[in-house]
Amino acid sequence: MTRYRVTLEYDGGGFVGWQRQENGRSIQAAIEDAIAGFCGETVTVHGAGRTDAGVHALGQVAHFDLAKDTDAKTVREALNAHLRPGPIAVLEAAAADPEFHARFDAVERRYLYRILNRRAPPTLDRGRVWHVAPPLDSDAMHEAAQALIGRHDFSSFRATECQAKSPVKTLDELRIARDGEEVRITARARSFLHHQVRNFAGTLKLVGEGKWSRADVETALAARDRSAAGPTAPAEGLYLVAVGY
């Protein structure tokens, strides 16, 4: 058996998320089906991040084991052939250490949240950004976001269905910058709670609109209560950018 590590890009729209589920098509199942089509093997593909329905990836990492005598280039090309024309691509494939685990060996995950901040709705980026029409103050959003950096109990930014054993996480970076009509939120940490980045985005939007201040964000964090923070931003604006090992 050879363990393969793959880097994936996908458009999460139309999928129920990364994880295999009974109620619809998942990214995980699509890749497992592509592997079966390539070599006839039934395998489990393990991903570094279990992205939700509608969430995209620019650099998801996954691993799986194959008994077939092949090579990494063939694995990449064969999987892409079987994944077409779906919105999933294998960017890279490599043989990995037999003990490598895409999820448990990860030491860093980077996410991007995209807000299209203009009056007109998106056309080319429909389903890939959160459209917010009122003007946002990205500088105020960035300044308020710094209150969230560090090790905290993030219960106020945790989905009620989150299965993590503890709400305590260390947030290494939370940066907000404007690029033309787009406001980009970049978050970096070893791991995140369910909906954590989307709840950051929904809360910081309130700051950008002038409805909240940094003090309000600090109060929400200290409350350790989901109802104290802002709304959950839509899944379509979120991207898993990269995973570090």
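The values are calculated or read from the model by the stated rules, or taken from the named source; none is laboratory data. For clarity, every value in this text was computed on a predicted model and none was experimentally measured. Glycine also receives a Cβ, built like all others from the backbone with ideal geometry; neighbour counts cover every protein chain displayed. We work out accessible area using only protein heavy atoms, side chains counted, and drop any ligands, DNA or RNA first. Shrake-Rupley method; radii C 1.70, N 1.55, O 1.52, S 1.80 Å.
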**Request:** For segment 88-103, just list the computed ³J(HN,Hα) in residue order, Karplus coefficients 6.51, -1.76 and 1.60, θ = phi - 60°, integers in Hz, with x standing in for Gly and Pro.
**Result:** 10, 9, 8, 7, 9, 9, 8, 5, 10, 4, x, 9, 4, 10, 4, 7
**Message:** Below 14 angstrom from the Cβ of Pro135, what's the summed charge of the other residues (Lys, Arg +1; Asp, Glu -1)?
**Reply:** 0
**Message:** Quick check: Cα centre of segment 135-178 to Cα centre of segment 212-230, how many Å?
**Reply:** 10
**Amide H contacts under 5 Å for Glu92, placed H, 5+ residues apart** = Thr7
**Request:** Please give, to one decimal in nm, the separation of the simple spin-label points placed at Ser227 and Ala164, each 7 Å out from Cα toward the Cβ.
**Result:** 2.2
**Request:** May I ask you to order 57-63, 136-142 by the average number of other C-beta atoms within 10 Å around their residues, highest value first?
**Result:** 57-63, 136-142
**Prompt:** Ignoring ligands, DNA and RNA, what accessible area per residue does the chain give at 1.4 Å, in Å²?
**Reply:** 47
**Asked** Once phi is turned into θ = phi - 60°, what whole-Hz ³J(HN,Hα) does the Karplus curve with 6.51, -1.76 and 1.60 give for every residue of segment 149-159, x standing for Gly and Pro?
**Response** 5, x, 8, 9, 7, 9, 4, 5, 10, 10, 5
**Item:** Distance (nanometres) between label positions extended 7 Å along Cα→Cβ at Ser213 and Glu143
**Value:** 1.0
**Nonlocal amide H pairs with Gly49, under 5 Å, H built at 1.01 Å** = Val61
**Share of carbon and sulfur in the accessible heavy-atom surface of the chain [1.4 Å probe, %]** = 47
**³J(HN,Hα) computed for each position of segment 214-230 - Karplus, 6.51 cos²θ - 1.76 cosθ + 1.60, integer Hz, glycine/proline x** = 4, 4, 5, 5, 4, 5, 4, 4, 5, 5, 6, 9, 3, 5, 7, 9, x
**Prompt:** In whole angstrom, how far apart do the alpha carbon centroids of segment 3-37 and segment 50-111 sit?
**Reply:** 10
**Message:** Over 14 Å apart: what share of the alpha carbon pairs of segment 58-146 falls there, rounded to a whole percent?
**Reply:** 78
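With a Förster radius of 25 Å, plug the Cβ-Cβ distance of Ala89 and Met1 into 1/(1 + (r/R0)^6) and report the FRET value to the nearest 0.05.
0.50
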**Request:** Using label points projected 7 Å from each Cα along Cα→Cβ, tell me how many nm separate Arg151 and Glu108, to one decimal.
**Result:** 1.9
**Under 25 Å from the Cα of Lys169 - lysines, other chains or at least 8 residues apart** = Lys205
**Request:** Towards the positive end of the charge dipole of the chain, with charges on Cβ (+1 Lys, Arg; -1 Asp, Glu), say which of Thr2, Ala177, Ala36 has the farthest Cα.
**Result:** Ala177
